[in-house]
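The values are calculated or read from the model by the stated rules, or taken from the named source; none is laboratory data. Keep in mind that what you see is a predicted model, and the values were worked out from it rather than measured. No Cβ is skipped: glycine too gets one built from the backbone with ideal geometry, and neighbour counts run over all protein chains shown. To get the accessible areas, we keep the full protein, side chains included, count just its heavy atoms, and leave off ligands, DNA and RNA. Shrake-Rupley method; radii C 1.70, N 1.55, O 1.52, S 1.80 Å.
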Amino acid sequence: MSEVLNIEKIGQITDNAISEISKSVSKDEISNLRVKYLGRKGIIPALLRSIRDVDVVDRKIFGQELNVLKNNLEELFEEKINQNKEDLYLSDKEKSLQDISLPGRKKNVGTLHPTSRVVREICDAFLPMGFQVVEGPEIELDKYNFELLNIPKDHPSRDMFDTFWVDWKNDQGEYPLLMRTHTSPMQARVMETTEPPVRVLVPGKVFRYEATDASHEWHFFQVEGLAVDRGITFADLKGTVYEFARTIFGSDRKIRFRCDYFPFVEPGVDVSIDCFICEGNGCRVCGKTGWIEIMGAGMVHPKVLSSVGYDPEIYSGFAFGMGVERIAMLKYGIEDIRLFYSNDLRFLKQF
Ligand code: YSA
C-alpha cells in the first residue's frame, strides 16, 4: 500500500473536515473551508491527483473513497449554507431593515390522507359498539388468506381474489406467501389466539391483480369486522351495519342487502348504498345500477369456526369487510377512485 495515500489518511481528513465545517459560523469561514478542501489547489483535488502514485491494485478503491468524500463534503457545505442562510448572508444593516410586523410565512404542514381520515372515522363509528382495533400483516400465508377461510387449494372461489403471489418457494416446492387480497385472514388469526367473545375491527391495505377503473384500484384499504359470541344472529349484523351507515352517511342514504357468496360465510350478503352522484338513477361511478357496493358480509361459516377451534354448536358470529375508498367516495362525492393514489396535490389538499 502506498506511503502517500492510505485509508487512515482519508479517514483523518474526513474527521478534520467534518469537525471544521460544523464549527464554522460566518460566511467567510465557510467559504475559506470550501477553498481549503475543495478548491482547485485544495486538499481533496491534491489527493485525487496523488492517486497516480498509488499501487495499481489500490487505485480503484482510493478513487472511489475520495469521490465519496468529495461528494459528502459538497453536501455538507450546501447544508451548512442553507441552515443559516439569513444569518450568513444578510448584513447587520439588512437584518435591521426586516419588517417584523409582516405576517409570518405559512409552513406547509400537510394533512391526513383522505383514506387515513376515513379509516379513523370508520373505527370511531364502531368503537362505541364495543369493537377493538387490531392490525395484521400485508404479506400473508395462503393458510390464512384462503385455507382457514374455507377456500382450499384449487377451489374456484380463489378466482374472485385476483392474487399477487410472492415469488418464494418453501421446502415442499409450494408458494405459500401472497399479498393479502382482503383483511379477512385476520379473522382466523384473531380467533386462533382469542377465546370468545370476540369483537374486532381490522383496518389495512389489500392488493389485487385487477384492472383499474373509476371504482376499482389494484391496491386499496379495507376494514374487516368480526363479532363472535353465544347467540349472535343475522339481526345483530343488520343492526350493526345500519348503525355504522347512519353514523357515517347520515339517516338519508338508502342501504341495500343482497344475497352474495363468500366461502367463509353462510348466509352471505353484499351491502350497497344508493349512489350519491346520480341519486340512484345510474351513472359511470355506480356502473349504471344506482347502487355502490361498500361491503361483503355474512354469518361466519361453521367450518371457519371449527378450523380455529371454536365449537359452532355453541358459538356463532357475523363478519364484514368494507372498501374504505368506496366509503370515502360516497362521503365526499369523489367520482374516481384513482384520484386517491395519483399523488395530485390539488386533490389531496382538499382534505
Ligand atoms: C365478506 C364476508 C365476510 O364475512 C367478511 C368479509 C367479506 C369481504 C370479503 N373479504 C371481500 O374482500 N369481499 S369483496 O371482494 O367484495 O371486497 C369487499 C369490499 O372491498 C367491496 O365491497 C368494495 O367496497 C371493496 N373493493 C373490492 N374490490 C375493490 C374494492 N375497492 C376498490 N377497488 C377494488 N378493486
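Can you give the calculated 222 nm mean residue ellipticity of the chain, where each DSSP H run of n ≥ 4 adds -39,500 (n - 2.57) and the sum is split over every residue, rounded to the nearest 500 deg cm²/dmol?
Estimated from H runs of four or more residues: -11500 deg cm²/dmol.
Before I look further, what does the stretch 42-174 give for accessible area per residue, probe 1.4 Å, in whole square angstrom?
70
What FRET efficiency do you get for Lys169 and Asp99 if R0 is 45 Å and r is their Cβ-Cβ distance, rounded to the nearest 0.05?
0.10
If I take the Cα coordinates of the stretch 245-343 and project them onto the principal axes, what are the three extents in Å, biggest first?
Computed over the Cα atoms, the extents are 45, 31, 25 Å.
Which Cys in the chain stand alone, with every other cysteine's Cβ at 4.7 Å or more from theirs?
So, Cys123, Cys259.
Quick one: P(r) of the chain from all Cα-Cα pairs, 10 Å bins, percents rounded to integers, in order of increasing distance.
Going out from 0 Å in 10 Å bins, the chain shows 5, 18, 20, 13, 10, 14, 13, 6, 0 percent.
So how far apart, in nm, are the two label points at Trp218 and Arg256 if each is 7 Å from Cα heading toward Cβ?
3.0
Taking Rh as the Kirkwood radius, which is the inverse of the mean 1/r over Cα pairs, what is the Rg/Rh value for the stretch 127-212?
1.01
Compare the peptides 48-54, 311-317 by average per-residue count of other Cβ atoms within 10 angstrom and give them in order, highest first.
311-317, 48-54
How large is the accessible surface of Met179 in square angstrom, using a 1.4 angstrom probe and rounding to the nearest 10?
50
Specify the residue with the greatest mean-square fluctuation among Ala188, Ala211, Ala125, computed from a Gaussian network of the chain linking alpha-carbon atoms under 10 Å apart.
Of the options given, Ala211 has the highest mean-square fluctuation.
Which listed residue (Met322, Phe126, Pro114) has the Cα farthest towards the positive end of the charge dipole for the chain, taking +1 on Lys and Arg C-beta and -1 on Asp and Glu C-beta about the Cα centre?
The residue sitting farthest along the positive end of the dipole is Pro114.
Tell me the carbon and sulfur percent of the accessible area for the chain, rounded to whole percent, probe radius 1.4 Å.
51
Using a 1.4 angstrom probe on the protein heavy atoms only, line up His219, His113 by accessible area, largest first.
Final ranking, largest accessible area leading: His113, His219.
Can you pull the one-decimal nm distance between simple spin-label points at Thr247 and Leu48, each 7 Å off the Cα toward Cβ?
Reported label-point gap for Thr247 and Leu48 is 6.3 nm.
Projected onto the charge dipole of the chain (+1 at Lys/Arg Cβ, -1 at Asp/Glu Cβ, origin at the Cα centre), which of Leu178, Pro312, Ile273 gives the Cα projection farthest towards the positive end?
Projecting each Cα onto the dipole axis, the largest value belongs to Ile273.
With a cut-off of at most 15 other beta carbons within 10 Å, and DSSP calling the residue loop, which trypsin sites (Lys or Arg not before Pro) in the stretch 1-45 qualify? Please list them.
For trypsin sites (Lys or Arg not before Pro) across the stretch 1-45 that sit outside H, G, I, E and B with at most 15 neighbouring Cβ atoms in 10 Å, the list reads Arg40, Lys41.
Heavy-atom accessible area per residue, the stretch 184-251, 1.4 Å probe: how many Å²?
42
Need one number: the % of Cα-Cα pairs in the stretch 43-112 sitting beyond the 14 Å mark.
76
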